[in-house]
Amino acid sequence: MAGNSQRRNRRTSNKKGAQVGSGGNRRRALEGKGPTPPASARKGHVKNRVANAKAKQASRRPVARRGGKGSSEMVVGRNPVFEALRDGVPATMLYVQQYIDNDERVREALQLATGRGKLHIMEAPRAELDRMTNGLNHQGLVLQVPPYEYAHPEDLAASAADHNEDPLIVALDGVTDPRNLGAVVRSVSAFGGHGVVVPERRAAGMTAGAWKSSAGTAARTPVARATNLTRALESYQKAGVTVVGLAADGEHTVGDLEALGGPVVIVVGSEGKGLSRLVGETCDYLVRIPMPGGAESLNAGVAAGIVLYEAAKRRA
């Protein structure tokens, strides 16, 4: 018996630490941990893995790129500078020749420039203005127009989606006259379109002339620039947008094409040459505008306006 008692005492003495009480640890361990989290938040659950995969995929989506900037431009001459200021062409600096003859047109230009909060006015000697304009007849007034910041073609479709609308976009193929570009921008704005796409090369850009032709609508209607117009159109097609090209020998007439009522890109070619071969082959439909008067073609601004009207009428 004595031997058994000694063995029990030895076993008891081998335990580490104090043996009296638990310090409340066991009681806290039994307390509740709050409501059960949803399955998507429980680590290891299948719904949690699906949610993590979706979040990772969303983080990998590319951010919409910009279409780059154009080059700065100088508007020279008293009448052109006055008209640019009157028509709302964006500008950063008005250079005025020192000791200039202060006629009515100069006074009007200075008055318009003064009314713009962010437009700086600077006097400069005639020799400096000659140097800036490469010897052009500036008549003592030079207006500096900043580079236009183009959108990316994807931005236009994204803008339509943000407003829960089907994209209505015009793409220009080989249109080199800035006034035609401005007229198209004006028509797109008038009929509720989401923007204009132009190629990066061999095409008109948003110059002061385009701004003037847009009659101020370029301030709210974006112009996107595509490195390759055919690829941009193919990208629209992959996103479910129908590409409709205008062609004198088109199989369909504008008034009969139901596709104009949905998501659509209207492609307008240059006057005379029309659509390029690759762009024409990319289009889902080729349509024509009936012209009983016998005219061979319409300029881009007029042609785009006719088709945009048909599209807007179907969407109303």
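The values are calculated or read from the model by the stated rules, or taken from the named source; none is laboratory data. Bear in mind that the values here come from a model prediction, so they are computed numbers and not experimental data. With ideal geometry, Cβ positions are generated from the backbone for all residues, glycine too; neighbour counts draw on all protein chains shown. All accessible areas refer to the heavy atoms of the entire protein, side chains included, with ligands and DNA or RNA removed. Shrake-Rupley method; radii C 1.70, N 1.55, O 1.52, S 1.80 Å.
Looking across segment 270-301, the residues that are among the aliphatic types (A, V, I, L, M) and free of Cβ contacts under 8 Å to residues at least 24 places away in the same chain come down to Met291, Ala295. Of everything listed in (1) closer than 19 Å to Asn102 by Cα; (2) touching a residue at least 60 places away in the same chain (Cβ under 8 Å); (3) exposed (fewer than 15 other Cβ atoms within 10 Å of the Cβ), the single unmet condition for Glu123 is (2). Scanning segment 205-224 for residues that are under 19 Å from Ser159 (Cα atoms) and either of a type outside the set (Lys, Arg) or at pLDDT 95 or above (or both) turns up Thr217, Ala218, Ala219, Thr221, Pro222, Val223, Ala224.
Pairs meeting the criteria (first residue in segment 138-161 and closer than 30 Å to Val76 by Cβ and open to solvent by 10 Å² or more (accessible area, probe 1.4 Å), second residue part of a loop (DSSP other than H, G, I, E, B) and among the hydroxyl-bearing types (Ser, Thr, Tyr), beta carbons under 7 Å, at least 6 apart or on different chains) are Gln144/Ser72; Gln144/Thr92; Pro146/Ser72; Pro146/Thr92; Pro147/Ser71; Pro147/Ser72.
A single member of Ala203, Ala208 is closer than 19 Å to Gly301 by Cβ, open to solvent by 20 Å² or more (accessible area, probe 1.4 Å) and over 13 Å from the mean Cα position of the chain (by Cα), and it is Ala203.
Selection of segment 282-306 for residues being of a type in the set (D, E, K, R) and at pLDDT 95 or above yields only Asp284. Among the residues of segment 74-95, the ones that are within 15 Å of Lys212 (Cβ to Cβ) and either in a helix (DSSP H, G or I) or open to solvent by less than 30 Å² (accessible area, probe 1.4 Å) (or both) come to 12 in all.
Could you tell me whether segment 96-106 includes any residue that is touching a residue at least 12 places away in the same chain (Cβ under 8 Å), open to solvent by less than 50 Å² (accessible area, probe 1.4 Å) and in a strand (DSSP E or B)? So far as segment 96-106 goes, yes, one or more of its residues are touching a residue at least 12 places away in the same chain (Cβ under 8 Å), open to solvent by less than 50 Å² (accessible area, probe 1.4 Å) and in a strand (DSSP E or B).
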